[in-house]
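To start, the structure under review is shown below, and the notes come after it.
The values are calculated or read from the model by the stated rules, or taken from the named source; none is laboratory data. Note that this is a predicted model, so its numbers are computed, not measured. When we count neighbours, we look across all protein chains shown, and the Cβ atoms used for this are built from the backbone with ideal geometry, even at glycine. Keep in mind that these areas ignore ligands, DNA and RNA; they rest on the heavy atoms of the full protein, side chains included. Shrake-Rupley method; radii C 1.70, N 1.55, O 1.52, S 1.80 Å.
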Amino acid sequence: MLTTIELLKNTENFIREANKEPDGITDTGLWNGHTGMAIVYYLLARHSADASFAEKGLQLLDSVSETGVPGGDLSFANGLTGVGWAIEWLAQNELMEDINTDEVLEPIDSMLYNAVCYSRDENPSLSHGTLGKIAYFIQRAQSRNAATNRYKTIGHLECLILSLDDLAEKTADALTIPDQQDSNANNRRMHLCNLAEILYIISGIKVQVNSPVTGKLMYDAINYAEYILSGSVMNDERAARQPDEWLDLLYVATSYLIAARLNNNKFWESQAADYIARIIPFADDNSGLTTEQQFQKLVLFSLLNFYHPAQQYRIVIEDLLTHLSFLELPPALLNGYGTLAIVELCLLNPGLIDNWYEVMFFSRQPYKRDPQ
């Protein structure tokens, strides 16, 4: 069992690498840059009650404001959508004080409003597609600023409605359970990472907006997850699957669990827990995993441990933390020391924030054929 001091080693690694600026990481975005690092600093400030961490987080966000995002990138992973989401998220979790996000995010609101109203994304993904914009406007629609102009709120809801409609249109065929005689079904299949993102992002909508579309998206995503998981885990296909395929299945099952919790649906939670229990034995071995896959596994087991604390999850988390801490990593929020620091904080202080899934990101490029 790792001690608290040993766990905090990765927090020290994060601080050491983050302090190497400007010779270290220079990206400004959420997943790989200053914005994500700022989130880690603010969480450390709340955990330790050390205001100097919050000051470092603010300095990073100030540098993002001064430097901007290269090339006008609007993506969630590296661009303005992720930057804006992070600022609103920090404000709503009361990690940043004395901030009016309507004022700070006005330029991003305007750019994303134009992007949503006058163009369409090529894919549904969180990192570079429609789900990223939905995540942003979910946060903005729930902002807590005093005396928010009603037209701004209407604008946020309009963008959320348009983005949800766009997502529903993009995924309608892919979320349809195929007929056995449908020869083109595989060509319309949704990547499992996108399915998992739909499950937890749509479940996180707390405002009444576009209810028919939102309800159908959620219903179709749950049904499709059931179709995928029941077909995949009821049969022993261990020899036929690669480690990343099992990780994707575990990602879907974990997102199903998160959706169940967010909707307070005990039946969904029971179903998700059963699928997770069946998948875990196939995802047990770390020896064949790449570093990126080890990070993905660490995130998933951390979320499982948060929602259903268990010694078996903690053992896996601590083993992965120990191994990854000896690697040379950037201080990034995704696949870096930022990830390890957040996992440590979740282990030591799970009540620090309400929804850890919002800052534990899973990212992988699609492979040619998803599990069937």
At 1.4 Å probe size, with the rest of the protein present, what percent of the exposed accessible area of the range 5-159 is carbon and sulfur atoms? 51
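Can you send over the carbon and sulfur percentage of the accessible area for the range 194-308, probe radius 1.4 Å, protein chains only?
Numbers: 2190 of 4460 Å².
Result for the range 194-308: 49 percent of the exposed heavy-atom area is carbon or sulfur.
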Once Lys and Arg get +1 and Asp and Glu get -1 on their Cβ, which of Ser75, Ile15, Tyr219 lies farthest toward the positive end of the dipole of the chain? Tyr219
Would you kindly calculate the translational diffusion coefficient of the range 226-348, applying Stokes-Einstein with the Kirkwood radius from alpha carbon pairs, for 37 °C and a viscosity of 0.692 mPa s, and quote it in µm² s⁻¹ without decimals? 219
At 1.4 Å probe radius, can you tell me the per residue accessible area of the range 23-83 in Å²? 39
Stretch Gln208-Ala51 to full length: gain in nm at 0.36 nm per residue minus the Cα-Cα span? 52.9 nm
Describe numerically, in nm with one decimal, the distance between label points set 7 Å from Cα along Cα→Cβ at Ser65 and at Ser110. 1.6
Calculated P(r) tail over 21 Å for the range 285-372, as whole % of Cα pairs: 28
Please list 3J(HN,Hα) in residue order for the range 339-347, calculated via the Karplus relation 6.51 cos²θ - 1.76 cosθ + 1.60 where θ = phi - 60°; whole Hz, with x for glycine and proline. 4, 5, 5, 5, 4, 4, 4, 5, 5
For the range 83-212, place one equal point scatterer on every Cα, skip the solvent, and apply the Debye formula. What is log10 of I(q)/I(0) at q = 0.14, 0.15, 0.18 Å⁻¹? -0.65, -0.73, -0.98
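Check each of the trypsin sites (Lys or Arg not before Pro) in the range 287-372 and keep only those in coil by DSSP with at most 10 other C-beta atoms within 10 angstrom; list them in order.
Of the trypsin sites (Lys or Arg not before Pro), the ones in loops of the range 287-372 whose Cβ has at most 10 other Cβ atoms within 10 Å are Lys368, Arg369.
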Check: the chain dipole with +1 on Lys, Arg Cβ and -1 on Asp, Glu Cβ, in debye: 640
Probe 1.4 Å, protein heavy atoms only - accessible area per residue of the range 198-321 in square angstrom: 41
Whichever aspartates and glutamates have a C-alpha closer than 17 Å to that of Lys170, once near sequence neighbours (fewer than 8 apart) are set aside: Asp121, Glu122, Glu197, Asp220
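Just order 65-73, 159-167 by mean Cβ neighbour count inside 10 Å, highest at the front, would you?
159-167, 65-73
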Value in Å of the Kirkwood radius, where the range 115-182 supplies the Cα pairs that are averaged: 13.4
Cα-Cα pairs above 29 Å in the chain: how many percent? 40
Could you pull out which residues in the range 14-56 have an amide N less than 19 Å from a spot 7 Å beyond the Cα of Ser119, following the Cα-Cβ vector? 29-30
Using 1/(1 + (r/R0)^6) with R0 = 35 angstrom and r between the beta carbons of Asn355 and Glu158, what's the FRET efficiency to the nearest 0.05? 0.85
